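Asker: There's a structure below that I have some questions on.
The values are calculated or read from the model by the stated rules, or taken from the named source; none is laboratory data. Just so we're clear, the structure is a prediction, and the values are computed from it rather than from any experiment. Note: ideal-geometry Cβ built from the backbone for every residue, glycine included; neighbour counts use all protein chains shown. Heavy atoms of the whole protein, side chains included, go into the accessibility calculation; ligands, DNA and RNA do not. Shrake-Rupley method; radii C 1.70, N 1.55, O 1.52, S 1.80 Å.
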Amino acid sequence: MDRIRSFPDFIAMYVEGFKNLTWGKPLWIIILVKLFIMFAILRAFLFPNFLNSRFDTETEKSEYVTKELTTKSY
Amino acid sequence: MNQIDVSLVDWSRAQFALTAMYHWLFVPLTLGLGLIMSIMETIYYRTGDEKWKRTAKFWMKLFGVNFAVGVATGIILEFEFGTNWSNYSWFVGDIFGAPLAIEGIVAFFLEATFIAVMYFGWTKVSKRFHLASTWLTVGGATLSALWILVANAWMQYPAGMGFNPDTVRNEMESFWAVALSPMAINKFFHTVISSWTLGAAFVAGVSSWYLLKKREKVFALDSIKVAVLVGITGIVLSWVTGDGSGNQVAEKQPMKLAAMEGLYDGGNGVGLVAAAILTPGKQYNDSQDPYIFKIEFPKMLSFLANRDFNSFVPGINDLVKGGYSTPDGPALSIDQKIEKGKIARAALAEYSVAKKANDTERAADAKQRLEANFDHFGYAYFNSPADAIPNVPLVFYAFRVMVILAGFFLLLFIVVWYYSAKNKFANTPWLQWVCLLSIPLAYITSQAGWIVAEVGRQPWAIQDILPVGAAISNISAASVKLTFFVFLILFTVLLIAELSIMLKQIKAGPEKIDEGNEGY
């Protein structure tokens with residue numbers, strides 16, 4: 001590919017770059033595996049959002065946090 | 001009252017610390033190496049000398065390895081906020097929402113767009129555009145650091161916000177007060193600039209390895225010349241910004257400063273401890289000497305804290321007892337702050353009840369009491385002054401590790417620069433060994449700085465208004481313990497992957513000049 005002169009050329013640079021990956025290939029594999037583990041496993045099964053998973057409305061959440069903040073002590 | 005599960009707090013903190021420290025293995029190298037490779041490409045752009053292109057491309061390769069393995073490790077911190085720190089997340093949501101959204105959009109697009117040009121575009125764009133892309137990639141990475149550091153600084157000094165008892169959230173009143181608080185500015189520059197030093201130590205160490213192996217002499221010496229100048233600049237500016245940070249800590253977090261110095265009884269004209277051994281088991285209210293021995297610079301702490309050699313610097317006991325003069329009047333004791341915190345907390349509970357009962361008069365009265373005492377809201381959770389004191393030995397020693405190693409690196413870079421300027425560095429294997437073996441020390445320096453910042457501010461998640469014990473979610477300690485070890489294994493595997501790929505690329509070395517290899 002010659003010099004970039006248009007947006008399609010820019011996209012083609014990406015495509016060509018990824019096609020010709022050499023040492024970068026294992027890095028992309030690491031990135032994709034890592035993102036899969038993080039979002040498909042950790043986020044989904046081990047890290048649910050505590051408040052969102054228990055309450056549906058903002059009012060319920062604020063009432064719960066109020067209770068938490070006003071009843072805790074060391 | 002519900003008893004806070006100390007084990008849950010400890011495991012939640014341990015998990016967050018593990019994730020943050022792991023994340024911080026990658027960030028400073030990205031920032032430091034990014035600057036160095038950008039300077040190298042700039043030299044190539046200005047001179048047209050192909051050796052600088054080759055040099056820049058090699059360091060870009062290591063930048064890419066580090067970036068790829070490190071990217072998104074910070075997102076795990078976001079997961080932890082939502083799961084382990086839900087009270088905190090709710091409490092601060094509106095403060096962090098805007099800055100972090102800006103970070104996500106601006107930094108992502110800057111980095112994602114220009115990093116591709118940086119790697120794939122050598123023959124596709126002009127030299128000038130390529131150079132701009134490299135700088136913009138590093139700029140995007142630095143911008144990412146800006147917003148997360150603004151958020152961190154806000155936790156250390158919550159400026160520009162107001163608490164809304166209806167939503168139980170802090171809401172941003174002034175974006176600029178949050179973004180441009182002196183704490184945020186100092187923290188950003190100190191963190192970014194000190195990362196340049198780590199990058200410089202990395203480049204000097206790896207280049208020294210080539211010299212020890214009798215390989216790539218010109219490349220290694222050229223790399224070292226750029227690295228030591230970045231390193232010296234980084235350390236000198238880190239001291240300037242560190243001084244600014246110290247000044248902010250003295251003003252906004254005096255307990256942290258007292259812990260950094262192991263200072264229990266303050267006074268006028270207080271010295272700065274250069275080196276010391278603390279008395280093990282020392283408590284704030286006992287009569288033991290805090291130090292087994294110490295060497296100090298007379299009156300320097302007073303000067304650094306207040307720009308006055310004879311000014312008063314409070315120690316831990318002074319902060320506990322209160323009564324000393326401050327610009328806002330006599331300092332409150334911790335017990336007085338606990339009382340105010342309890343008034344604020346009771347007022348929040350009463351406001352909530354009154355609002356539900358539509359008792360507007362009672363709600364207004366409770367809100368007034370809440371607002372009058374909100375500055376000390378977090379003290380409500382403490383039973384005694386001891387709860388407000390951080391781990392003094394850890395903060396004290398971490399601070400000295402950071403400062404002493406920073407001094408070591410300044411000396412090292414000056415010596416390397418001298419030998420390099422005299423064309424003697426290539427024939428000085430002992431110095432090459434020192435550079436190589438100093439790479440881990442740069443990481444220790446950087447991590448020690450964060451230990452000072454984060455352990456020093458304990459027990460606060462948000463200074464004075466939310467301690468970590470109140471910030472955590474009501475979940476089981478066992479589940480946090482489980483995910484702690486999941487992360488430990490995951491991070492170890494990733495670290496091994498990074499090190500093996502990085503070492504493989506270092507062993508392969510820069511591409512040969514006649515290879516003309518543009519592949520990535």
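Asker: What are the residues in the range B:510-519 that are out of contact with any helix residue (DSSP H, G or I) (no Cβ under 7 Å at 6 or more places or on another chain), in a loop (DSSP other than H, G, I, E, B) and either at pLDDT 90 or above or farther than 20 Å from B:V117 by Cα (or both), if any? Reasoning before the result, please.
Answerer: Going through the range B:510-519, the residues out of contact with any helix residue (DSSP H, G or I) (no Cβ under 7 Å at 6 or more places or on another chain) turn out to be B:512, B:514-519.
Adding the requirement that they be in a loop (DSSP other than H, G, I, E, B) leaves B:512, B:516-519.
Selection gives B:K512 alone.
Asker: Of the residues in the range B:16-31, how many are more than 14 Å from B:G449 (Cβ to Cβ) and open to solvent by less than 10 Å² (accessible area, probe 1.4 Å)?
Answerer: Number satisfying all stated conditions: 3.
Asker: Looking at B:M260 and the list (1) open to solvent by 20 Å² or more (accessible area, probe 1.4 Å); (2) in contact with a Gly (Cβ under 7 Å, 6 or more places away or on another chain); (3) part of a helix (DSSP H, G or I), which single condition is not satisfied?
Answerer: Of everything listed in (1) open to solvent by 20 Å² or more (accessible area, probe 1.4 Å); (2) in contact with a Gly (Cβ under 7 Å, 6 or more places away or on another chain); (3) part of a helix (DSSP H, G or I), B:M260 misses just condition (1).
Asker: With in contact (Cβ under 8 Å) with a residue 40 or more places away in the chain and within 25 Å of B:G199 (Cβ to Cβ) as the only criterion, which of B:Q447, B:Q458 stands out?
Answerer: Details: B:Q458 fails: within 25 Å of B:G199 (Cβ to Cβ).
From the options B:Q447, B:Q458, the qualifying one is B:Q447.
Asker: Restricting the search to the range B:107-123, which residues are in a loop (DSSP other than H, G, I, E, B) and touching a residue at least 24 places away in the same chain (Cβ under 8 Å)? Give the steps one after another, and end with the answer.
Answerer: Taking the range B:107-123 and keeping what is in a loop (DSSP other than H, G, I, E, B), we get B:121-123.
Matches in the range B:107-123: B:W122, B:T123.
Asker: Please enumerate the residues belonging to the range A:17-57 that are within 7 Å of chain B (Cβ to nearest Cβ) and over 22 Å from the mean Cα position of the chain (by Cα).
Answerer: A:G17, A:N20, A:L21, A:T22, A:W23
Asker: Taking the range A:19-29 on its own, how many of its residues are part of a helix (DSSP H, G or I), of a type in the set (A, V, I, L, M, F, W, C) and within 23 Å of B:P510 (Cβ to Cβ)? Don't jump to the end; show me each part of the working.
Answerer: Within the range A:19-29, the first condition is being part of a helix (DSSP H, G or I), and the residues that meet it are A:19, A:24-29.
Going one step further and asking which of them are of a type in the set (A, V, I, L, M, F, W, C), we end up with A:27-29.
Retained after the next criterion (residues that are within 23 Å of B:P510 (Cβ to Cβ)): A:27-28.
Qualifying residue count for the region: 2.
Asker: Which residues, taken from the range B:283-307, are surrounded by 17 or more Cβ atoms within 10 Å (Cβ to Cβ), over 25 Å from the mean Cα position of the chain (by Cα) and closer than 28 Å to B:D387 by Cα? Step through it out loud before you land on a result.
Answerer: Looking only at the range B:283-307, we keep the residues that are surrounded by 17 or more Cβ atoms within 10 Å (Cβ to Cβ), and these are B:284, B:290-291, B:299, B:301-305.
Within this subset, residues satisfying the condition of being over 25 Å from the mean Cα position of the chain (by Cα) are B:284, B:290-291, B:299.
The answer is B:Y284, B:P290, B:Y291.
Asker: Only residues in the range B:165-179 that are over 12 Å from A:T59 (Cβ atoms) and part of a loop (DSSP other than H, G, I, E, B) count as the first member; pair them with residues that are open to solvent by 40 Å² or more (accessible area, probe 1.4 Å) and of a type in the set (D, E), Cβ under 8 angstrom, at least 6 apart or cross-chain, and list the lot.
Answerer: none
Asker: I'd like the full set of residues that are more than 17 Å from A:K67 (Cβ to Cβ), part of a helix (DSSP H, G or I) and open to solvent by 60 Å² or more (accessible area, probe 1.4 Å), limited to the range B:341-363.
Answerer: Across the range B:341-363, the qualifying residues are B:I343, B:T360, B:E361, B:R362.
Asker: A further question follows. Take B:I506 and tell me if it is modelled with pLDDT of 90 or more, touching a helix residue (DSSP H, G or I) at 6+ places or on another chain (Cβ under 8 Å) and over 26 Å from B:L18 (Cβ atoms). Before you say what the answer is, go through the steps one by one.
Answerer: Values: modelled with pLDDT of 90 or more: yes; touching a helix residue (DSSP H, G or I) at 6+ places or on another chain (Cβ under 8 Å): yes; over 26 Å from B:L18 (Cβ atoms): yes.
Against the criterion (modelled with pLDDT of 90 or more, touching a helix residue (DSSP H, G or I) at 6+ places or on another chain (Cβ under 8 Å) and over 26 Å from B:L18 (Cβ atoms)), B:I506 qualifies.
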